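For reference, the structure is listed below as structure tokens.
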Amino acid sequence: MSPDVDAPRIAIVAHRDPRGDVGARVALIAEQLRGMVDRVVLVADGLSDAGRQRAEAIADRVVVAPGPTAIALLAAGLTAVDAEMRDAGAALVTDTERYPIGDHRDPGRAQDPSGSRPDAWVLVPTAPRQPLEPSPWLWASRAVLDDAAWAQWWRSARDDRGALGMHDLVGALEAAGRSVAALAETGERSVRASLESPGTAGFVERVLLTADPLELEEQALDSRSAARSLRGSAWQGILPEDLRLAAPPRQVHTAVGGMAIPVGVGRLSGPVRLGVLSHVFYPDALAEIGSALRGMPTGWDWIVTTGSEASKADIERRLETEAPRLQGLERIEVRVVASNRGRDISAFLLGCADLLRPDAGGRFAYDVVLKLHSKRSPQDPIARAERFQRHALGSITGSLDGMLQLFLDEPELGMAMPPQIHVGYPTLGRAWFGNRPAAERMASRLSIDVPFDEGSPLAPYGSMFAARPAALAPLVDRLGWRDFPDESGYRDGGAAHVVERLFAYAAIGEGFAVRTVTTPELAAESHQVLEWKLQEILRDVPGTSRQQVLLAAVATRAAAFASGAAVRAARIAGRAPGRLARSARRTLRRRG
């Protein structure tokens, strides 16, 4: 294959987006392709007005054609530019579902190990279709473009409903006698190296960061390494916004490995203006918060809010003893909030709003704010309430220097919060409780545009976290004291519980990343209990991990239906609570 240096090289690029948008990812991909081709043709399954405007700014030609898959879109694109293809020296068919990193070889001038130039190139060796596939990428020489096998395959692809993949095209070309080589040598075992070894051939597959974690787990794909390989590149600041609408936050958080166990760094790599904002309803809890803040690695201010003048005086007396023990403490202020409606949530968003909004020059009072409070959970048994407090406060303050270093290392990081509490609480999979309808209404009101998780929301349970003030913008100056109920209305569905579940969604909606952080001790404790729970739930469920979860979900829903039917029937019959439970158990045994 000898390239025709005068003939134009064309890239046909498929782009699918449910909202018809064209973001920074597509622009960077088009920029990278300019080093390989002379013309970029973007084929989209639909474009908004803004999306079309951006597409026309980065591509030489824009084609809109409906298509259920990238392959079907590429087929439509090739048809639309058929006249141009007749004069092309080579063509690259690909899509926008990869993140290019590093330098890239020019396939038109590349040679295989024998020194010859194949008729076509793929990034890595291809394999028969599997549940998760690398996105399409194939460089075709003029000889391939003239081959009947090429035209015939793409004609069949125009009606593709997911039955065709790049492996099929390679097979068709090889059957026609065309040579196809891989740009990256991967070894016999890595037939899907761009998925199995993220970064191979200078790309990271986007599906690794957006797929169902059960599929990633089932195939043992290292999506965490994929996300890590993009840090420090041009993609680092773009990823949060690019992934904002790709999948629900908890799914993306799991796929990218969003949980961190910060280690002590001793000395921060740069300055951090830190404000600790603590609502202290119980003054005797001040010492516990103060103890957690010892050893602060930077200068900081402590703003304490409370509910009454008497409480303020009590706190100020206690601070006379506590403050001298606190390293780096530069300023203390105790504020009495206008109302206890909304408790620590309203005290933070309303009582400290001046510290969370930018000034006229766009500058915030602090780079990072640390939200803590004197959580007691008096409605719970003492052991459970203390476990919750230890989990929330300990996760956030267990390695203050390590956590703050995360904010310095990752400018896109908007919030760090504890992992979901589950020890002592039935929260796994169902921590929306009764708050989702109200959360949907409030998210719409506040223009928080992020897909909600179906199971438990990604949220700072216990409402303790660290955040950049800019990440909280949708919640600041958008609510009033009357939005929060008084003590008689402090329950699921109330504004305080709803906002607690929206903090992370607000940050993600502003284009920031969110991390969960904890300590090795709390992580080990949580993992041990979690492992036991899963063993108990799944020990009699056969199949792969994904099949086990699906079977367990079906069985659980069937059991819940049967139990609910038994309870409703028993209520009608006027039975006592104990008889209700026995009736439900008998119904379940019959169903089992």
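For the stretch 148-158, backbone phi angles converted through the Karplus equation (6.51, -1.76, 1.60; θ = phi - 60°) give residue-by-residue couplings of 4, 4, 4, 5, 5, 5, 5, 5, 5, 6, 5 Hz, Gly and Pro being listed as x.
Pop a pseudo-label 7 angstrom from the Cα along the beta-carbon direction at both R335 and A148 and give the gap in nm to one decimal. Modelled inter-label distance: 7.9 nm. Amide H to amide H, with H built 1.01 Å from N, A182 comes under 5 Å of V122, counting only residues 5 or more places away or on other chains.
Listed values for the stretch 80-92 are Karplus-derived 3J(HN,Hα) couplings in whole Hz (6.51 cos²θ - 1.76 cosθ + 1.60, θ = phi - 60°), namely 5, 10, 4, 5, 5, 5, 5, 9, 6, x, 6, 9, 10, and x replaces Gly and Pro.
Rounded to the nearest whole Hz, the Karplus-based 3J(HN,Hα) values (6.51 cos²θ - 1.76 cosθ + 1.60, θ = phi - 60°) of the stretch 447-458 follow the sequence 6, 8, 9, 9, x, 7, 6, 6, x, 5, x, 6, with x at glycine and proline. A crude spin-label estimate for the pair A524 and V263, with each label 7 Å from Cα along the Cβ direction, gives 1.5 nm. Footprinting exposure proxy ranking of E333, E196, fewest other C-beta atoms within 10 angstrom first, gives E333, E196.
Counting neighbouring Cβ atoms within 10 Å and putting the fewest first, the residues D380, D301 line up as D380, D301.
At R0 = 51 Å, how high is the FRET efficiency between E531 and D6 if r is their beta carbon distance? Nearest 0.05 is fine. The computed FRET efficiency comes out at 0.20.
Each of Y425 and R539 was given a label point 7 Å from its Cα along the Cα-to-Cβ line. The distance between the two points is 2.7 nm. Here's the picture: a label point sits 7 Å out from the Cα of Q236 along the beta-carbon direction, and within the stretch 390-406 the residues with their amide nitrogen under 12 Å of it are 406. Projecting the Cα atoms of G77, M36, P18 onto the charge dipole of the stretch 9-82 (Cβ charges, centred on the Cα centre) puts M36 farthest toward the positive pole. Over the chain, dividing the summed -39,500 (n - 2.57) contributions of all DSSP H runs of at least 4 residues by the number of residues returns a 222 nm mean residue ellipticity of -11500 deg cm²/dmol.
Report the Cα centroid-to-centroid distance between the stretch 456-518 and the stretch 315-387 in angstrom, as an integer. Between the Cα centres of the stretch 456-518 and the stretch 315-387 lies a distance of 15 Å. If you restrict to DSSP beta bridges whose two residues both lie in the chain, what percentage is antiparallel, to the nearest 5? Roughly 25 percent of the beta bridges in the chain run antiparallel, per DSSP.
Note on D38 and D492: the extension gain reaches 157.6 nm, defined as 0.36 nm multiplied by sequence separation minus the Cα-Cα distance.
None of the figures in this text is laboratory data; all of them are computed from the coordinates on show. All values reported here derive from a predicted model rather than from experimental measurement. No Cβ is skipped: glycine too gets one built from the backbone with ideal geometry, and neighbour counts run over all protein chains shown.
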